[in-house]
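The values are calculated or read from the model by the stated rules, or taken from the named source; none is laboratory data. All values reported here derive from a predicted model rather than from experimental measurement. Please note: Cβ atoms are built from the backbone with ideal geometry, for glycine as well, and neighbour counts cover all protein chains shown.
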Amino acid sequence: MLSRWRRRLEQATRPVHDETRMALAERWRALPQRLQTPEQLLGRFAVGCEGTQGVFPRCNLTCSPCYHSADANKVRVDGAHTRQQVDDQMGLLRARRGPRAHAQLIGGEVSLLAPEDHAAALESMRRHGREPMSMTHGDFDSNYLHRLALHPDGSRRFGRLSFAGHFDSLMRGRRGLPRPRSESELNPFRRRFAEMFRELAGEHGVDYFLAHNMTVTPHNIGQVAAVVHDVVPMGYSMLSFQPAAYVGDGRRWSQDFREVTINDLWEQIEKGMGHPLPWQDLAFGDPRCNRTSWGLLVGDRWIPILEAGSTSDRRARDRVLNHYGGVDFGWTPRPALLVKLGRVLARHPTDMVCAVGWVARAVRRAGGVRRVLTSLTRRRLRPLSFVVHAFMDADDVAPAWELMRAGVTAKEPRVLAAQERLAACTYSMAHPETGELVPACVQHSVLDPTQNRGLRQLLPLNVLTRSPS
């Protein structure tokens with residue numbers, strides 16, 4: 001009996017779950033060798049992000065460009081279908097990628113789900129060890145949010161919610177602003193979206209994480225700096241930008257999207273912040289796809305978690321990735337987490353000295369101890385990261401994926417580059433019917449059109465007829 005209890009305790013406080021360790025190792029082996037670098041997070045610290053597919057493809061806004069296939073809006077949103085598909089997909093992700101990961105509840109528009117069905121999908125994702133984020137255009141009101149977050153008796157259904165709100169002037173049909181002419185016109189809607197969550201937290205104690213998403217084309221890239229400047233004070237913890245790609249419904253491609261590069265976009269983000277945003281010392285997959293600068297907003301001052309060119313910060317990074325990669329920081333109960341960290345520190349005691357040094361440097365960059373404590377007590381300290389994620393054109397993805405499935409390495413440079421980026425993709429979607437995990441670009445470029453045609457038959461829209469007068 002005592003030995004069984006000890007085994008159970010050892011497993012509960014083991015720093016890295018065995019399945020997590022295997023999933024990380026598998027992900028690292030699959031990376032192109034040139035990406036197996038000291039700054040790489042994928043396969044060392046995280047297995048990557050996940051998303052749902054085919055669970056509710058319909059959306060009630062029209063955007064240019066639109067990443068959904070031409071048949072997406074001809075599919076009915078059906079709660080029972082969503083619940084079953086989410087559960088099946090998360091089950092496969094749990095089996096293939098270990099007990100913990102971040103996953104997006106994404107399709108078309110998540111708020112088209114009834115609040116109970118939305119809640120059930122989030123609960124299913126959490127049962128499978130996923131931390132869910134709901135992806136939305138943000139055009140819903142506080143009543144919907146309350147019905148999602150709370151039980152009918154007013155008690156909390158969730159202690160924490162994560163949402164990504166997508167706002168940009170390329171979107172058509174938003175209530176109160178059906179055809180925005182500029183990004184600044186959307187600021188009241190961005191602000192109100194964040195305020196709904198602040199009010200929910202204040203009234204019911206539901207914590208939240210908010211991301212702000214924006215698609216960028218030559219039409220609005222000149223407004224990105226102003227968006228950054230305006231949105232940072234609103235309370236979002238991530239600002240994510242996506243250069244438009246030729247994916248989805250080709251009828252809504254009206255510009256030469258290739259004019260916008262990651263470098264062009266990053267320059268505008270830095271302009272909005274008024275200073276450089278270091279990103280080179282941490283990588284998440286292929287830098288042609290992803291660029292991220294992680295940091296903290298302390299009052300009105302943003303500081304990076306790794307200062308550009310700091311040898312001391314790089315040493316701290318290497319220790320964290322080498323010694324703590326795969327540790328479940330987010331979901332482990334605090335007592336168990338402390339024991340896990342203690343076990344790692346027992347093997348690497350000088351990590352504590354390194355950690356104290358990093359904290360001291362971060363506090364100095366933030367303006368000193370008093371400023372940090374004041375910001376903390378006034379609730380003006382929060383994580384704030386900047387992300388650019390670049391999707392690939394469907395014309396490049398389709399031949400690259402076909403060759404990859406045949407085990408053939410492309411010779412044409414553009415297709416070879418697409419193969420490399422797919423191999424390093426940080427964003428996977430599950431297909432329980434085949435047991436496959438596919439990159440998001442493959443899902444949207446190759447699989448969605450056929451899949452949505454099938455869903456039209458499975459979930460046809462209700463036909464409304466008018467009675468004779």
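Looking at Val327, Val344, Val298, which one is more than 20 Å from the chain's Cα centre (by Cα) and under 27 Å from Leu376 (Cα atoms)?
Step by step, each of Val327, Val344, Val298 is checked, and only Val298 is more than 20 Å from the chain's Cα centre (by Cα) and under 27 Å from Leu376 (Cα atoms).
Picking from Val372, Val415, Val408, Val387, which residue would you name as being at pLDDT 95 or above and part of a strand (DSSP E or B)?
Matching residue, one of Val372, Val415, Val408, Val387: Val387.
The rows are residues; the columns are (1) within 16 Å of Tyr324 (Cα to Cα); (2) among the charged types (D, E, K, R).
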position: Ser3; (1), (2): no, no
position: Arg21; (1), (2): yes, yes
position: Leu42; (1), (2): yes, no
position: His81; (1), (2): no, no
position: Gln85; (1), (2): no, no
position: Leu92; (1), (2): no, no
position: Arg96; (1), (2): no, yes
position: Leu113; (1), (2): no, no
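Taking the range 211-263 on its own, how many of its residues are within 26 Å of Trp294 (Cβ to Cβ) and surrounded by fewer than 22 Cβ atoms within 10 Å (Cβ to Cβ)?
In the first step, residues of the range 211-263 are kept if they are within 26 Å of Trp294 (Cβ to Cβ); the result is 211-216, 220-221, 223-245, 260-263.
Filter once more, so that each one left must be surrounded by fewer than 22 Cβ atoms within 10 Å (Cβ to Cβ): 211, 213, 220-221, 223, 225-226, 229-235, 237-238, 240, 242-243, 261-263.
Final tally of qualifying residues: 22.
One line per residue, one yes/no per condition, for (1) crowded, with 20+ Cβ neighbours inside 10 Å; (2) farther than 25 Å from Arg291 by Cα; (3) of a type in the set (A, V, I, L, M, F, W, C); (4) touching a residue at least 40 places away in the same chain (Cβ under 8 Å):
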residue: Met352; (1), (2), (3), (4): no, yes, yes, no
residue: Gly368; (1), (2), (3), (4): no, yes, no, no
residue: Phe391; (1), (2), (3), (4): yes, no, yes, yes
residue: Trp401; (1), (2), (3), (4): yes, no, yes, yes
residue: Ser428; (1), (2), (3), (4): yes, no, no, yes
residue: His444; (1), (2), (3), (4): yes, no, no, yes
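Taking the conditions exactly as written (of a type in the set (D, E, K, R) and over 16 Å from Arg301 (Cα atoms)), does Arg343 satisfy them or not?
In short, yes.
Failed condition for Pro218, given (1) part of a loop (DSSP other than H, G, I, E, B); (2) modelled with pLDDT of 95 or more, with all others met?
With (1) part of a loop (DSSP other than H, G, I, E, B); (2) modelled with pLDDT of 95 or more applied to Pro218, the lone miss is (2).
Based on this model, can you work out whether Glu433 counts as part of a helix (DSSP H, G or I) and surrounded by fewer than 18 Cβ atoms within 10 Å (Cβ to Cβ)?
Taking the combined requirement at face value, the residue does not satisfy it.
Out of Arg14, Arg8, Arg58, Arg27, which single residue is within 29 Å of Phe257 (Cβ to Cβ) and either crowded, with 16+ Cβ neighbours inside 10 Å or of a type outside the set (Gly, Ala, Ser) (or both)?
Only one candidate qualifies: Arg58.
Counting only residues that are more than 29 Å from Ala46 (Cβ to Cβ) and either without any contact (Cβ under 8 Å) to a residue 12 or more places away in the chain or in contact with a strand residue (DSSP E or B) (Cβ under 9 Å, 6 or more places away or on another chain) (or both), how many does the range 114-140 have?
1
Please indicate, with yes or no, whether at least one residue in the range 193-211 is in contact with a Cys (Cβ under 6 Å, 6 or more places away or on another chain) and assigned to a loop (DSSP other than H, G, I, E, B).
no
Evaluate the following for Pro65: is it surrounded by fewer than 23 Cβ atoms within 10 Å (Cβ to Cβ), in contact with a Lys or Arg (Cβ under 7 Å, 6 or more places away or on another chain), part of a loop (DSSP other than H, G, I, E, B) and in contact (Cβ under 8 Å) with a residue 40 or more places away in the chain?
Values: surrounded by fewer than 23 Cβ atoms within 10 Å (Cβ to Cβ): yes; in contact with a Lys or Arg (Cβ under 7 Å, 6 or more places away or on another chain): yes; part of a loop (DSSP other than H, G, I, E, B): yes; in contact (Cβ under 8 Å) with a residue 40 or more places away in the chain: yes.
Judged against the criteria, Pro65 is a match.
Among the residues of the range 125-148, write down those that are over 15 Å from Trp331 (Cβ atoms) and more than 18 Å from the chain's Cα centre (by Cα).
Asp139, Phe140, Asp141, Ser142, Asn143, Tyr144, Leu145, His146, Arg147, Leu148, listed by residue number.
Condition (residue is in contact with a Leu (Cβ under 9 Å, 6 or more places away or on another chain) and surrounded by fewer than 17 Cβ atoms within 10 Å (Cβ to Cβ)) applied to the range 119-141: is it met by at least one residue?
No: the range 119-141 contains no residue that is in contact with a Leu (Cβ under 9 Å, 6 or more places away or on another chain) and surrounded by fewer than 17 Cβ atoms within 10 Å (Cβ to Cβ).
Quick one: which of Met196, Met238, Met273 is touching a Ser or Thr at 6+ places or on another chain (Cβ under 6 Å), closer than 30 Å to Ser312 by Cβ, modelled with pLDDT of 95 or more and among the aliphatic types (A, V, I, L, M)?
Selected residue: Met238, the only one of Met196, Met238, Met273 that is touching a Ser or Thr at 6+ places or on another chain (Cβ under 6 Å), closer than 30 Å to Ser312 by Cβ, modelled with pLDDT of 95 or more and among the aliphatic types (A, V, I, L, M).
Hey, Ala95 hits all of (1) in contact with a Pro (Cβ under 9 Å, 6 or more places away or on another chain); (2) modelled with pLDDT of 95 or more but one; which does it fall short on?
So the condition that Ala95 fails would be (1).
Going by what's in this entry, would Gln104 be described as touching a residue at least 24 places away in the same chain (Cβ under 8 Å), among the polar types (S, T, N, Q) and in a helix (DSSP H, G or I)?
Here the answer is no, as Gln104 does not meet what is asked.
Take the residues in the range 316-350 that are among the hydroxyl-bearing types (Ser, Thr, Tyr) and crowded, with 17+ Cβ neighbours inside 10 Å; name whichever of them is modelled with the highest pLDDT.
Only one residue tops the list, namely Tyr324.
Any idea which residue in the range 173-189 is surrounded by the fewest Cβ atoms within 10 Å (Cβ to Cβ), counting only those that are more than 26 Å from the chain's Cα centre (by Cα) and charged (D, E, K, R)?
Among them, the one singled out is Arg181.
Report whether or not Arg301 is touching a helix residue (DSSP H, G or I) at 6+ places or on another chain (Cβ under 8 Å), closer than 24 Å to Val47 by Cβ and surrounded by fewer than 21 Cβ atoms within 10 Å (Cβ to Cβ).
Here the answer is no, as Arg301 does not meet what is asked.
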